[in-house]
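Remarks on the structure that follows.
The values are calculated or read from the model by the stated rules, or taken from the named source; none is laboratory data. As the structure is a prediction and not an experimental result, all values here were calculated from the model. Positions of Cβ are backbone-derived with ideal geometry, glycine not excepted, and every protein chain shown enters the neighbour counts.
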Amino acid sequence: MNWNQLTDELKTDEALGHLDREQAEAIITTLAVVMHADERVGLLERNEFSHLVDRLPFYEEKDMTTALIDDAIKQARSAHGQAGLKQIIDTVAVRLDDHLREVTFRMAATLAYADLQLQASESHTLSWLAAAFNLDAALIGQIYAEVG
């Protein structure tokens with residue numbers, strides 16, 4: 001077992017270990033969009049982003065996973081306003097089943113609250129995400145109560 005495989009095995013969340021590359025990419029992209037929603041990325045958000053991404057499985061080579069993360073961040077940074085962010089969210093929504101949508105929303109909400117301050121732009125992004133994921137209002141409220 002090489003270092004990357006050991007790291008992956010130790011950090012990957014068992015509930016997420018089955019993800020294929022497209023699903024992991026959708027989750028990483030969603031998290032990048034939420035992280036960049038307020039156009040400010042602080043230390044707490046960066047740390048939480050890294051922690052959440054570490055729960056996902058690595059693929060073949062760590063460099064490939066790093067490239068997925070870099071691409072997702074670049075895509076989120078270059079989104080043109082709210083319409084651009086909504087378009088990214090709509091694109092990732094179709095790649096996830098209902099269970100993964102709930103898991104991804106929970107991760108996104110955790111990330112948005114990482115700096116202990118939910119900005120209006122982050123709140124809007126989470127609302128768009130919940131709508132694109134077709135999540136129940138009661139579930140959304142429960143998630144906010146848990147992470148906020």
Next item on the list: Search region 134-148 for residues being among the hydrophobic types (A, V, I, L, M, F, W, C) and exposed (fewer than 11 other Cβ atoms within 10 Å of the Cβ), and hand back the single one that is modelled with the lowest pLDDT.
Entry: 145
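Conditions (1) out of contact with any helix residue (DSSP H, G or I) (no Cβ under 7 Å at 6 or more places or on another chain); (2) modelled with pLDDT of 85 or more; (3) more than 24 Å from residue 79 (Cα to Cα), marked per residue:
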| residue | (1), (2), (3) |
| --- | --- |
| 3 | yes, no, yes |
| 10 | yes, no, yes |
| 21 | yes, no, no |
| 32 | no, yes, no |
| 38 | no, no, no |
| 44 | yes, yes, no |
| 50 | yes, yes, no |
| 60 | yes, no, yes |
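Over 13 Å from the mean Cα position of the chain (by Cα), in a helix (DSSP H, G or I) and closer than 25 Å to residue 144 by Cβ - does that describe any residue in region 25-45? Break it down stepwise before answering.
Let us first name the residues in region 25-45 that are over 13 Å from the mean Cα position of the chain (by Cα), namely 38-44.
Among the residues that remain, those that are also in a helix (DSSP H, G or I) are: 43-44.
Now restrict to residues that are closer than 25 Å to residue 144 by Cβ: 43-44.
For region 25-45, residues over 13 Å from the mean Cα position of the chain (by Cα), in a helix (DSSP H, G or I) and closer than 25 Å to residue 144 by Cβ: present.
Just to be sure before I move on: is residue 116 more than 16 Å from the chain's Cα centre (by Cα), at pLDDT below 90 and not polar (S, T, N, Q) in the structure I sent?
Details: more than 16 Å from the chain's Cα centre (by Cα): yes; at pLDDT below 90: yes; not polar (S, T, N, Q): yes.
Judged against the criteria, residue 116 is a match.
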